[in-house]
Amino acid sequence: MLKEYCQSCGRVINNPGGWGTEADGSLNHDFCRKCYVDGWFTEPRLTRWQIISRIVPLWMKEKNLTYREALIEANYFISGLRRWQTTKMWT
Ligand SMILES: [Zn+2]
């Protein structure tokens, strides 16, 4: 089964309750509940590099990477997520 990631923070979404919500209460299938609630980003000023700097220490532990390896992988991964691919839609 294909893994679904939050397109903002990269977290894996394991169940429908993990998705964010729109203003009308429907689920948003792009972003997780931590990132997106009631039609808004919870941290609208968040930058790509802030997300990356949160992931790097986690991946160093989980995947047993060096700082440099984790930084390169996290940058590649986060740059592919929809929130960060374009500056037009969600800035
Ligand atoms: Zn998220």
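Each row is one residue, and each column tells you yes or no for (1) under 12 Å from S8 (Cβ atoms); (2) open to solvent by 30 Å² or more (accessible area, probe 1.4 Å); (3) of a type outside the set (G, A, S).
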{"residue": "G39", "(1), (2), (3)": "no, no, no"}
{"residue": "T47", "(1), (2), (3)": "yes, yes, yes"}
{"residue": "L58", "(1), (2), (3)": "no, yes, yes"}
{"residue": "K61", "(1), (2), (3)": "no, yes, yes"}
{"residue": "Y67", "(1), (2), (3)": "no, yes, yes"}
{"residue": "Y76", "(1), (2), (3)": "no, yes, yes"}
{"residue": "S79", "(1), (2), (3)": "no, yes, no"}
{"residue": "R82", "(1), (2), (3)": "yes, yes, yes"}
{"residue": "Q85", "(1), (2), (3)": "yes, yes, yes"}
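Of the residues screened, C32 is not one that is closer than 17 Å to W84 by Cα and either away from the ligand (no atom under 14 Å from the Cβ) or in contact with a Leu (Cβ under 9 Å, 6 or more places away or on another chain) (or both).
For (1) in contact (Cβ under 8 Å) with a residue 24 or more places away in the chain; (2) under 16 Å from the mean Cα position of the chain (by Cα); (3) outside any helix (DSSP H, G or I), each residue gets a yes or a no:
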site	(1), (2), (3)
N14	no, yes, yes
D24	no, no, yes
K34	yes, yes, yes
P44	no, yes, yes
W49	no, yes, no
I52	yes, yes, no
V56	no, yes, no
W59	no, yes, no
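Does any residue of segment 71-79 turn out to be assigned to a loop (DSSP other than H, G, I, E, B) and farther than 20 Å from C35 by Cα? The answer is no; no qualifying residue exists. Restricting segment 1-26 to residues that are open to solvent by 70 Å² or more (accessible area, probe 1.4 Å) and among the aliphatic types (A, V, I, L, M) leaves a set whose member that is farthest from the ligand (Cβ to nearest atom) is M1.
The values are calculated or read from the model by the stated rules, or taken from the named source; none is laboratory data. Given the structure is predicted, the values throughout are model-derived calculations rather than measurements. Ideal geometry is used to build each Cβ from the backbone, glycine not excepted, and the neighbour counts take in all protein chains shown. Heavy atoms of the whole protein, side chains included, go into the accessibility calculation; ligands, DNA and RNA do not. Shrake-Rupley method; radii C 1.70, N 1.55, O 1.52, S 1.80 Å.
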